[in-house]
Every structure is written in C-alpha cells, then in structure tokens.
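This report concerns only the one structure given below.
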Amino acid sequence: MALGIAAWLAASSVAADETSEALRPCTRADLIGTWAVIRFGTAPSVRVDPADPHFHPHQRYVFHTDASMRHLTSATPVTREDHRAMLAAPSTSTWAVDNRGRLLVQKDGVSRPDVGVCQVLVVKVVDPRSRVSGLPGDLLLTHHDENAQPIARRLLRKLAGFRE
C-alpha cells in the first residue's frame, strides 16, 4: 500500500487534488468504539519483522470514553474470546486527540506519547490495487518516524456488536 495518501487517492476514484475533500481530521467522538484494521501497509524503506506484533495483520483498537485504550495484535484472526480477554486485561494506555486531529497514545511507563495522524474518510476510496475499499467513516491512521517520514498506515473500520 502506498503511504502517500495523495498517491493512494490518485489511484482510486478520488483525484489527488481532492485529497482535502476526501479526508478530515479525527475528533474524539470519531474514535470512541471498537475498530479493526482492514488494511495495513508500510513504507518500502521500513524493515518489517514478521514476529513484531506491531506488524501482525490482525489488529483491534478499542477507544473508551474514559480515555483508556486497548490495542490487540495477532497473527491469526481475532476471535470473540480474544476480544473478551483483551477487555478483561487492565488497560495500560490512555488516548487523546489534539486540535489537529493527531491521535496521542500514552503507554504506561513510556515517557513520550505515540503520535499518529488520524483522519476520517468522508467519501468512498477505491484503490484498484486492493480488494479493500475505504468507506466514509473509516479511519486512516498514519505513524511517522523521528524524522516525520510516514512509516506505517492503517485503515480501520468500526465494528458493531462489540462491547467497548
């Protein structure tokens, strides 16, 4: 998956010059709930260790109204039992969204928050290179390295029927 949103959108049904119309910054209200990663990609320059949980293909995020957060990664599809076990474990992260739509995740014992650019799709985005289309309301979460270069992008879709 191309990391540049303009490139991703240019290859889709949305023109690159319409990028600002296809996305808007996330708000706190957008995130509350349970989300599954439906598409994940890294920059070509990023070395991926398949054993590193950050790169597992199956990921689930739960953003609670009390600002606690849970993130589950798995090499296999997440089951309802996995989801229940994640919710039963103590939360070790809190989250917030700043006025620019950036997602700030503070993990216990870590001095600096993890910062990701969080955007909401406002139109359907079809990428002919993928079987997964982005739908209005989906989240695009982009993480950058220390030099502000994009390194990973996740497309998240809200799940219904899961207890937050």
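Here are some notes:
- Of the listed requirements (1) closer than 26 Å to Pro25 by Cβ; (2) in contact with a Lys or Arg (Cβ under 9 Å, 6 or more places away or on another chain); (3) in contact (Cβ under 8 Å) with a residue 24 or more places away in the chain, Leu87 misses just one: (1).
- Only a single item in (1) open to solvent by less than 50 Å² (accessible area, probe 1.4 Å); (2) in contact (Cβ under 8 Å) with a residue 24 or more places away in the chain; (3) outside any loop (DSSP other than H, G, I, E, B); (4) of a type outside the set (Asp, Glu) is not met by Val132, and it is number (3).
- Restricting Val97, Val122, Val110, Val105 to those that are in contact with a Pro (Cβ under 9 Å, 6 or more places away or on another chain), of a type in the set (Val, Ile, Thr) and open to solvent by 50 Å² or more (accessible area, probe 1.4 Å) reduces the list to Val122.
- Scanning segment 26-75 for residues that are open to solvent by 20 Å² or more (accessible area, probe 1.4 Å), among the hydroxyl-bearing types (Ser, Thr, Tyr) and in contact with a Leu (Cβ under 8 Å, 6 or more places away or on another chain) yields one hit, Thr42.
- The one condition in (1) open to solvent by 80 Å² or more (accessible area, probe 1.4 Å); (2) modelled with pLDDT of 95 or more; (3) aliphatic (A, V, I, L, M) that Ala88 fails to fulfil: (2)
The values are calculated or read from the model by the stated rules, or taken from the named source; none is laboratory data. For clarity, every value in this text was computed on a predicted model and none was experimentally measured. Neighbour counts run over all protein chains shown; Cβ positions are idealised from the backbone, glycine included. Quick note on the areas: whole protein, heavy atoms, side chains included, nothing else; ligands and nucleic acids left out. Shrake-Rupley method; radii C 1.70, N 1.55, O 1.52, S 1.80 Å.
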